[in-house]
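Contents: one structure, followed by commentary.
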Amino acid sequence: MPSGPSPAVAAPARAASPLPNSLMVFAGFLAISLLLPACAFDVAHRLGRGETMAGAVAGLQSLATLLSRPWAGGQCDRLGAHVAVIRGFPLLLLGCGAAFLAGHLAGGPALALLALGRVPTGLGESLILTGGMSWGMARTGPAGSGKVIAWQGLAMFGAMVLGAPLGLWLVQSGIGPVALAAGLAAGLGLGLALLVPGEAPVPGTPLNLREVVRLIGAHGPVLALAGTPYALINAFLGLWFVAMGWAGKEWALALFGIAFVIVRLVGAGWPSRYGAV
């Protein structure tokens, strides 16, 4: 997949700030958070396909993200995390373009475009999150890895605080304005990724899939179960407010994201203080 010009690979800067990588993640997840609830809303209401189909379309993005995580990790290991991030943003732009075109269509063609657009968006999410985390840790060194995790978590959930309610507000005028706003966010993220010097891949013997599953087997299901309510609330909270005839669906999603940010700020030191379990 062509990725355009790549920044020069620089020697690891151990005192580097995690801010640039956090801003990339913020831009990427702002685009994602703008589109996800807005696409579900568009499917359920403008296209009249109901909440079940809206959930299925939204779920395609999560499925693409889930299935592509091993591939995204391999891209980081083989080519460098900065290459993975740079390749992720054009995929987000492709998803934005599909949503924009869907806004000018109706019926089955619009539904197909919205559904197909979730796939590259999910792939881009994998590359940006996996690459952004790996790139940030490579730039700051082991001593800064905790800060990278905390800052990028704040970037993700901060993007959700802003993006989800803004997307639901914009979608009142159609999915096209949402797609344009998301495309602008993704374009800014790509520009920043091209400006920050990359890190060389770390040499070593890659782990096979069986070994990776063995290492994360006790932890992965816990994280997956914890992420399920997040996905359900983010996709369906706005639709539930509309179905009940309640105002304030944007505020509900914003408060949901704000709670994530507050816990990140307050509880960032809990794993080191009390233990990860």
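The values are calculated or read from the model by the stated rules, or taken from the named source; none is laboratory data. What you see is a predicted model; the values in this text were computed from it and never measured. Every residue, glycine as well, gets a Cβ built from its backbone with ideal geometry; the counts of neighbours run over all protein chains shown. These area figures cover heavy atoms from the full protein model, side chains too; ligands, DNA and RNA do not enter into them. Shrake-Rupley method; radii C 1.70, N 1.55, O 1.52, S 1.80 Å.
A few points about this structure:
- Solvent-accessible surface of protein heavy atoms, probed at 1.4 angstrom with all chains present, puts Met244, Met137 in the order Met244, Met137, largest first.
- When Tyr274, Tyr230 are compared by accessible area at a 1.4 angstrom probe, the order from most to least is Tyr274, Tyr230.
- Area accessible to solvent at Trp240, 1.4 Å probe radius, in Å²: 130 Å²
- Degrees, to the nearest 10: 249-267 long Cα axis against longest axis of the chain: 20 degrees
- Anisotropy class of segment 179-238 from Cα gyration tensor, a/c 1.5 cut: oblate
- Note, ³J(HN,Hα) from phi for segment 174-188, Karplus 6.51, -1.76, 1.60, rounded to Hz, x at Gly and Pro: x, 6, x, x, 5, 4, 5, 5, 5, x, 5, 4, 5, x, 5
- Accessible surface comparison of Thr140, Thr130, probe 1.4 Å, protein chains only, largest first: the order is Thr130, Thr140.
- Using Cβ point charges alone (K and R +1, D and E -1), the dipole size of the chain about the Cα centre works out to roughly 360 debye.
- In this view, the solvent-accessible surface of Val266, computed with a 1.4 Å probe and all protein chains in place, comes to about 90 Å².
- In the chain, a dipole from Cβ-located charges (positive for Lys and Arg, negative for Asp and Glu) runs towards its positive end, and of Gly50, Gly153, Gly275 it is Gly275 whose Cα lies farthest in that direction.
- With Cα atoms as the point set, the chain shows a radius of gyration and Dmax of 18.6, 57 Å.
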